[in-house]
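> Could you have a look at this structure, given as structure tokens, before my questions?
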Amino acid sequence: MLRDSLKADSIVRKSGQLPGAILPGKRIVAFYGNIRSKGMGILGREPKEQMFRKFEKVLAEWQAADPSIPVQPALHNVTITAQGTPGKDGKWRLMNSKATIEEVISWAREHKCILFLDVQPGHSTLEAELPKLTEYLKQPDIHLGIDPEFSLATMPGIRPNQRIGTLDAKDINFTINFLARIVSENNLPPKVLTVHRFTRKMVTNYKNIKLDPRVQVVMHMDGHGEPTLKKDSYHDYIQTEPVQYTGFKLFYEYDPKPKPHHLMTPTEVLTQLTPKPLYIQYQ
């Protein structure tokens with residue numbers, strides 16, 4: 001692992017990027033949710049073809065707002081989901097079936113999207129959950145998201161949605177190392193890792209996160225609300241605690257409520273946020 005990391009570092013020093021790296025040369029625009037759920041996001045809320053027609057319009061809006069960076073379409077499917085009941089092992093999470101995962105992979109490839117598999121560990125841990133996704137992450141067009149909001153292993157007795165969970169730098173470092181090993185062992189281009197965040201305590205000891213050129217880390221501002229609140233959260237938890245790349249989420253259902261609040265446009269996002277996010281997610 002150390003040898004591979006040193007080799008990767010030497011390539012980065014020479015060329016600036018590992019071959020096949022998506023960021024910063026493209027802006028990822030993703031539809032988020034679960035294809036089996038109407039309540040988790042735009043991915044799954046609408047019929048498939050209707051959703052993809054909407055997605056094409058969104059992609060065109062982003063490309064028009066910043067013609068200097070190609071748009072990379074993505075689907076972001078919550079694949080291990082925190083649950084309202086503990087389950088047989090008391091871990092409060094459930095993984096999508098193999099059929100569901102394979103179906104969302106086919107959706108992504110049919111529409112030339114990369115795919116993110118998102119993990120809400122509940123009362124389990126990333127160490128226990130991530131290996132379940134190894135067979136999928138060995139594929140070059142499949143990437144990973146982790147969600148501290150639903151990571152409750154340090155909060156015994158707390159149900160998901162009762163309190164906001166947390167991950168520490170050591171958990172994120174484990175994830176980076178897990179992905180880096182998959183990249184090296186399978187001769188893959190770098191993986192993108194998104195980390196959801198909208199409070200300070202969701203990610204602790206961020207300065208201890210250790211980057212690896214085989215993994216591109218996106219700290220993703222995940223909060224909903226009116227534009228001023230969202231911009232303040234991005235400033236406080238993303239801009240002022242930088243890790244590597246940045247992301248920003250837009251909520252079709254929650255951001256426009258109550259009136260006169262509205263869903264921020266691509267131009268508003270790009271002109272009002274610093275740094276300009278390279279990962280955009282719609283829920």
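> Name the residues in the stretch 133-153 that are in a helix (DSSP H, G or I), out of contact with any helix residue (DSSP H, G or I) (no Cβ under 9 Å at 6 or more places or on another chain) and buried (at least 16 other Cβ atoms within 10 Å of the Cβ), would you? Spell out how you get there, then give the answer.
Quick first cut of the stretch 133-153, residues in a helix (DSSP H, G or I) only: 133-137, 148-150.
Going one step further and asking which of them are out of contact with any helix residue (DSSP H, G or I) (no Cβ under 9 Å at 6 or more places or on another chain), we end up with 135, 149-150.
Passing the criteria: GLU149, PHE150.
> Quick one: count up the residues across the stretch 75-114 that are at positive phi and open to solvent by 60 Å² or more (accessible area, probe 1.4 Å).
Here is the first cut: in the stretch 75-114, the residues at positive phi are 87, 90, 92, 112.
So of that shortlist, the ones also open to solvent by 60 Å² or more (accessible area, probe 1.4 Å) come out as 112.
Number of matching residues: 1.
> While we're here: From the list LEU193, LEU179, pick out the single residue that is in a helix (DSSP H, G or I), under 21 Å from ASN77 (Cα atoms) and not small (Gly, Ala, Ser). So that I can check it myself, show each step before the final result.
On the way: LEU193 fails: in a helix (DSSP H, G or I).
Answer to the selection: LEU179.
Each row is one residue, and each column tells you yes or no for (1) among the hydrophobic types (A, V, I, L, M, F, W, C); (2) within 21 Å of PHE174 (Cα to Cα).
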{"residue": "GLN72", "(1), (2)": "no, no"}
{"residue": "VAL78", "(1), (2)": "yes, yes"}
{"residue": "THR85", "(1), (2)": "no, no"}
{"residue": "GLY90", "(1), (2)": "no, no"}
{"residue": "ARG93", "(1), (2)": "no, yes"}
{"residue": "PHE116", "(1), (2)": "yes, yes"}
{"residue": "LYS132", "(1), (2)": "no, yes"}
{"residue": "ILE142", "(1), (2)": "yes, yes"}
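> Here's something else I'd like to know. If the requirement is being free of Cβ contacts under 8 Å to residues at least 40 places away in the same chain, hydroxyl-bearing (Ser, Thr, Tyr) and within 27 Å of ASN177 (Cα to Cα), which of these qualifies: SER106, SER68, SER97?
Values: SER106 fails: within 27 Å of ASN177 (Cα to Cα); SER68 fails: within 27 Å of ASN177 (Cα to Cα).
Residue meeting the stated conditions: SER97.
> When ALA169 is evaluated against the numbered criteria (1) surrounded by 19 or more Cβ atoms within 10 Å (Cβ to Cβ); (2) within 24 Å of PRO277 (Cα to Cα); (3) without any contact (Cβ under 8 Å) to a residue 60 or more places away in the chain, which criterion, by number, is the only one it fails?
For ALA169, the failing item is (1).
> Among (1) open to solvent by less than 10 Å² (accessible area, probe 1.4 Å); (2) within 18 Å of TYR32 (Cβ to Cβ); (3) touching a helix residue (DSSP H, G or I) at 6+ places or on another chain (Cβ under 7 Å), which single condition is GLY122 missing?
Result: GLY122 fails condition (2) only.
The values are calculated or read from the model by the stated rules, or taken from the named source; none is laboratory data. Quantities reported herein were computed from a predicted structural model and do not represent experimental measurements. Because the Cβ atoms are built from the backbone with ideal geometry, glycine has one as well, and the counts that use them run over all protein chains shown. Side chains included, ligands, DNA and RNA excluded: accessible areas come from the protein's heavy atoms. Shrake-Rupley method; radii C 1.70, N 1.55, O 1.52, S 1.80 Å.
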